[in-house]
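Written out below as structure tokens is the structure these notes cover.
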Amino acid sequence: MTLDGGNKNNGGNGRKTLELLSPAGNLETGLEAVNHGADAIYIGGPSFGARGAAANPVADIEALCSYAHRYFAKVYVALNTILRDEELPVAERVIREVYEAGADALIIQDAGLLELDLPPIALHASTQMDNRTPQKVRFLEDAGFSQVVLARELSLGQIREIASETSVKLECFVHGALCVSFSGQCYLSFAQTGRSANRGECAQLCRLPFTLLGPGGKIICKDRHLLSLRDLNRSGNLRELIDAGVSSFKIEGRLKEISYVKNVTAHYRRLLDEILLEKSGYSPSSSGKSRFFFEPNPAKSFNRGMTEYFLHGRSREITSFFTPKSVGESAGKVTAVARDYLETDATLEIHNGDGLCFFTPGGELVGFRVNRAEGSRLYPAESVKELAAGTELYRNRDQEFEKALEKKSAERKIGVKLFFGETPEGFSLRLTDEDGTSAEAAVKTERTPAVDPKKALATARTQLSRLGNTLFEAEEVEIEGAGRCFIPVSVLNGLRREGVAALEEARAKAYKRPERALEKDPPPRYPVASLTYLGNVCNKRARDFYARHGVTGIDEGYEWRAETGEVPLMFTKHCLRYSFGLCPKEKEGEKPEPLTLMMGQTPLTLRFDCKNCEMQVVGKLKSRP
């Protein structure tokens, strides 16, 4: 048995690689993300992840790494919260454990981690580090980060500018829920509930209803979800993002159900594969092709309506004021309502068990389940009030689609070429996969001339191609001598099994994890000379890091600072002046007036940075016992 290693996983073919990066809340979801075409998975470790409810034991990280690496796919572990001094030793131990488990990179927010004695694991800068400018991204690159997660709010022009001034890999969100605030710059949850978003405990207060007040307490809008955004969908923007310099395309959703990850991963896999066929000079960053046993459709998974956000500038089509819940896909209108059924002009085929919803005249989203569907006549499982002719219906659960995703919905195979040849002592089989990794198996046996060469050739080709439940599928089978020898089926099967095992071993040896990027010497200077509470510095090691990089004034992070009254608790590109037609840039002569958000009985003042088209939500720490 001989082995030869390939090098695709290191970009050794000289082509630029594109990475589809999928979320995993647990091991099962991570495995399915790989099966459905992800080039990389990001998953929370046992602690210190920005999604506190999506923690995973190290044993599961190890199992996911083992599976993903078979396809040269990578696993990134999210340890992207800010840490207390006493937590740093625990974090250091966790990092060593996930590195030993096989993790390819660590996604972090707290710069203090770079001052610890870490293993040589690659570092990715979480979007919570507030990565918006070329200066910030260049600093992170020079400080030893190999991939930077860009702020979701950036336009194509801003992304292009960052790419032109840096060489680090750029990661961009393309799908999923949107935080209304710049990531890492939201303190509303902590101020009101004591649950810190920067500690993985966000209370998602931005999804609650608010009332917007003008001067003198005049109500502009009452009890609407004024800080709730639609969900991101950049299905139509991938080519633009590639041209702008993005190489990693990230799907949000570590708290999403497994069917969401399957569906959305498959959708973007197809889109990227189409682009890879068109664009020369690019290749996927992992191996194999995924086949799907369903038709991917992101509209069928949880969404609050969809937006490309600020990619092409400001738009009013980013908000979800009426509900923070999933609305789903348009399903037609109600044409008549009877005592126990309703008639529709449904544009979709409605199934028994489907979930439908509609907005009442008062703007409330109401849902109901279809007990029985008979063409355009639907029988709800329960009585539905405020449903009248002309009401728009939406389907937010497609029962048949979800059933399809509960089953095996994809398989991923790596293409191989097989060469069967003769040796002085018998026969050999050499397998070479799509990455150039090779392995060979041989058997000693007598060679007997075939009575029927044509039949012998067909038998050999059939048996060698039967790769079944292995990682591989035969793309080409070459048989030396064109069947001149009779080869027992048992010999062919044995060679195939041994060859497959040898190729898997060769791939395992060929896989190399990304190397840790080194910090430049002398240490690069941080883009600003001082940090306010927005720097999220909450431990001595983080303070040491910034001081070592030229920062002279460093305030405590908000969660640790002595409260000094009202401060901006949220920074956002979403602007309520713009949403309600009060923007002085758009409306000539419009005089900006003070606006207040009421969250229940709690007032939050709105400030507007019109030069940068940003809004601040200002408040103070709520007293707690």
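How about the stretch 393-467: which GluC sites (Glu not before Pro) there lie in a loop by DSSP and see at most 13 other Cβ atoms within 10 Å?
Details: sites: 400, 402, 406, 411, 422, 425, 434, 440, 446; in loops: 425, 434, 446.
Those that pass, being in a loop and sparsely packed, are 425, 446.
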Residues of the stretch 569-611 with amide N under 20 Å of the 7 Å Cα→Cβ point at residue 563: 569-571, 597-606
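Pairs of alpha-carbon atoms within less than 8 angstrom and 6+ residues apart define the contacts here; what relative contact order does the stretch 401-559 have, in percent?
Working: 224 pairs, mean separation 32.6, N = 159.
Value for the stretch 401-559: 21 percent.
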Inter-label distance for residue 400 and residue 340, nm, one decimal - labels placed 7 Å from Cα along Cα-to-Cβ: 2.5 nm
Using 1/(1 + (r/R0)^6) with R0 = 30 angstrom and r between the beta carbons of residue 317 and residue 366, what's the FRET efficiency to the nearest 0.05? 0.80
Stokes-Einstein diffusion coefficient of the stretch 310-349, Kirkwood radius over Cα pairs, 20 °C, 1.002 mPa s, in µm²/s: 159 µm²/s
Inter-part distance where the stretch 119-186 and the stretch 534-593 are each reduced to a Cα centre, Å: 18 Å
Go through 250/585; 279/407; 262/573; 74/136 and tell me which ones have a Cα-Cα distance over 28 Å in this structure. 250/585; 279/407; 262/573
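Under a Cβ-Cβ cut-off of 15 Å, what is the net charge of the residues other than residue 297 that fall near it, where Lys and Arg count +1 and Asp and Glu count -1?
Values: positive: 262, 269, 270, 300, 395, 397, 403; negative: 231, 295, 329, 349, 354, 398, 400, 402.
Net charge around residue 297: -1.
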Along the Cα→Cβ direction, 7 angstrom out, place labels at residue 610 and residue 580. What is the inter-label distance in nm? 1.7 nm
Quote to one decimal, in nm, the extra length available between residue 622 and residue 591 on full extension: 0.36 nm per residue of separation minus the C-alpha distance between them. 8.0 nm
Theoretical gain in end-to-end length, residue 167 to residue 392 [0.36 nm per residue, Cα-Cα removed]: 76.1 nm
If the convex hull is drawn through the Cα atoms of the stretch 348-405, its volume per residue in Å³: 83 Å³
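Add -39500 (n - 2.57) for each DSSP H run of 4 or more in the chain, then divide by its residues: what number comes out at 222 nm, to the nearest 500 deg cm²/dmol?
Values: 13 runs with 143 residues, N = 625.
Only helices count here, giving -7000 deg cm²/dmol.
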Using the Cα atoms of the stretch 298-402, I'd like the radius of gyration and the largest Cα-Cα distance, Dmax, both in angstrom. 14.5, 48
Per-residue HN-Hα couplings for the stretch 208-216 [Karplus 6.51, -1.76, 1.60; θ = phi - 60°; Hz; x = Gly/Pro]: 7, x, 10, 10, 9, 10, x, x, x
Computed E for residue 239/residue 297 - FRET, C-beta separation, R0 30 angstrom, nearest 0.05: 0.90
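Can you figure out the FRET efficiency of residue 135 with residue 448, using R₀ = 51 Å and their beta-carbon distance, to the nearest 0.05?
Working from the Cβ atoms, E equals 0.10.
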Dipole in debye (nearest 20) - the chain, about Cα centre, beta carbon charges: Lys, Arg +1; Asp, Glu -1: 760 debye
Over the stretch 137-259, what is the relative contact order in whole percent, taking alpha-carbon pairs under 8 Å and six or more residues apart? 31 percent
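Hey, if we sort 138, 230, 369 by accessible area with the 1.4 Å probe, largest down, what's the order? If you can, show how the numbers build up before the last one.
On the way: 138 80, 230 60, 369 115 Å².
Output order, biggest surface exposure first: 369, 138, 230.
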What size of dipole, in debye to the nearest 20, comes out for the stretch 453-555 about its Cα centre when the only charges are +1 on Lys and Arg C-beta atoms and -1 on Asp and Glu C-beta atoms? 160 debye
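What's the carbon and sulfur percent of the stretch 309-394's accessible surface, probe 1.4 angstrom, rounded to a whole number? Intermediate results must be reported in sequence, preceding the final value.
Details: 2050 of 4310 Å².
So the carbon and sulfur contribution to the accessible surface is 48 percent.
Multiplying the sequence separation of residue 219 and residue 377 by 0.36 nm and subtracting their Cα-Cα distance, what value in nm do you get?
Values: separation 158, 0.36 × 158 = 56.88 nm, distance 4.19 nm.
Fully extending the segment from residue 219 to residue 377 adds 52.7 nm.
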For labels at residue 505 and residue 480 in the simple 7 Å Cα→Cβ model, what's the distance in nm? 2.1 nm
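For Cα pairs less than 8 Å apart in space and 6+ apart in sequence, what is the mean separation divided by the residue count of the chain, i.e. the relative contact order in percent? Each step should come with its number before you reach the end.
Numbers: 1404 pairs, mean separation 106.7, N = 625.
Computed value for the chain: 17 percent relative contact order.
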Just in the stretch 495-535: which GluC sites (Glu not before Pro) are loop by DSSP and have at most 13 other Cβ atoms within 10 Å? 515
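Per residue, how large is the accessible surface of the chain? Use a 1.4 angstrom probe and give square angstrom. Could you put the intermediate results ahead of the total?
On the way: 26780 Å² over 625 residues.
That works out to 43 Å² for each residue.
For the stretch 82-218, take N as its residue count and report Rg(C-alpha) divided by 2.2 N^0.38 Å. The partial results should precede the final answer.
Working: Rg = 17.7 Å, N = 137, 2.2 N^0.38 = 14.3 Å.
Dividing the Cα Rg of the stretch 82-218 by 2.2 N^0.38 Å gives 1.24.
Of all DSSP beta bridges in the chain, what percent run antiparallel (nearest 5)? It would help to have the intermediate numbers written out before the result.
Numbers: 69 of 112 bridges.
Approximately 60 percent, going by the DSSP bridge assignments.
What net charge do the residues around residue 594 carry, taking every other residue with its C-beta under 13 Å from that of residue 594, with Lys and Arg at +1 and Asp and Glu at -1? Don't jump to the answer; show the numbers that get you there.
Numbers: positive: 218, 577, 591, 607; negative: 593.
Once positives and negatives cancel, what remains is +3.
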How long are the semi-axes of the ellipsoid equivalent to the stretch 341-481, from square roots of 5 times the Cα gyration tensor eigenvalues, in whole Å, largest first? 63, 16, 11
Tell me, how many Å apart are the Cα centres for the stretch 340-401 and for the stretch 86-105? 49 Å
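How about the stretch 35-122: which GluC sites (Glu not before Pro) there are in a DSSP loop, with at most 10 other Cβ atoms within 10 Å of their Cβ? Show your work: numbers first, answer last.
Working: sites: 62, 86, 87, 92, 97, 100, 115; in loops: none.
Passing both the DSSP loop test and the Cβ count: no residue.
The values are calculated or read from the model by the stated rules, or taken from the named source; none is laboratory data. Just so we're clear, the structure is a prediction, and the values are computed from it rather than from any experiment. Here Cβ is always computed from backbone atoms with ideal geometry, including for glycine, and neighbour counts include all displayed protein chains. Surface areas here come from the heavy atoms of the whole protein model, side chains and all, with no ligands, DNA or RNA. Shrake-Rupley method; radii C 1.70, N 1.55, O 1.52, S 1.80 Å.
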